[in-house]
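> Dumping the structure here so I can ask a few things about it.
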Amino acid sequence: MADLVIPNTFSPNTPAKADEVNANFDAVATHANRPPPVTPTSGVFLIRHLELTANSPVWTTSATTDMVINNIPVVAGHTYGVRFDGIVDWASLATGARWDIYSRLNGVDHKRLAIVQPGLTGQTYWTIGNTVLWKPTVTASTDDMSVRVNEISNGADIQFIGGRTLAVFDYGVAV
């Protein structure tokens, strides 16, 4: 924050001119009413991270939540990245089979992380690495983020194999 500069000084027993007094008041008012300085964020900060190393269950139908990070501390107006990385083991009997993978915020679907629809039968592997953005409107430490799989078109069983991660990053405030 810049220092306040008063343009005119006065001596005792010397008349002050109105325009000089007004200039001093204007300087104080301008200094007091200017917006606060913006401190740019100098990097991306990892807020929470969850890594699972065991395979998930095999999902055959319906929707299931796989990974959950509870009580994420967030600041209103910051932009956060929700990152998911994993490998899907896909066993399909129908070329039109499809599963969607969502990020969930406080138990509600937030944004789609991936559409898994290889368009073939048999077994294959599908690598997912995606980040979706989220901008909270309130400062809190109670937001929960999770990953949910949802079968859209019947005909395939899926499973996350090996390691998978869910991470939340604070990108700060856009300037």
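> Any chance you could count how many residues in the range 75-88 are surrounded by fewer than 21 Cβ atoms within 10 Å (Cβ to Cβ) and in a strand (DSSP E or B)?
5
> Given the residues Thr127, Thr139, which is the only one that is loosely packed, with under 13 Cβ neighbours inside 10 Å, modelled with pLDDT under 90 and among the polar types (S, T, N, Q)?
Thr139
> Further question on the same structure: Yes or no: Leu120 at pLDDT below 90 and among the aliphatic types (A, V, I, L, M)?
yes
> Looking at the range 93-113, which of its residues are buried (at least 21 other Cβ atoms within 10 Å of the Cβ) and either in contact (Cβ under 8 Å) with a residue 40 or more places away in the chain or within 18 Å of Asn154 (Cβ to Cβ) (or both)?
Ala97, Trp99, Ile101, Tyr102, Ser103
> Something else now. Quick check on the range 155-167. Is at least one of its residues basic (Lys, Arg), at pLDDT 90 or above and over 13 Å from Val82 (Cα atoms)?
yes
The values are calculated or read from the model by the stated rules, or taken from the named source; none is laboratory data. Quick caveat, the model's predicted, so the values are computed rather than measured. Don't worry about glycine lacking a Cβ; one is built from the backbone with ideal geometry, like all the others, and counts go over all protein chains shown.
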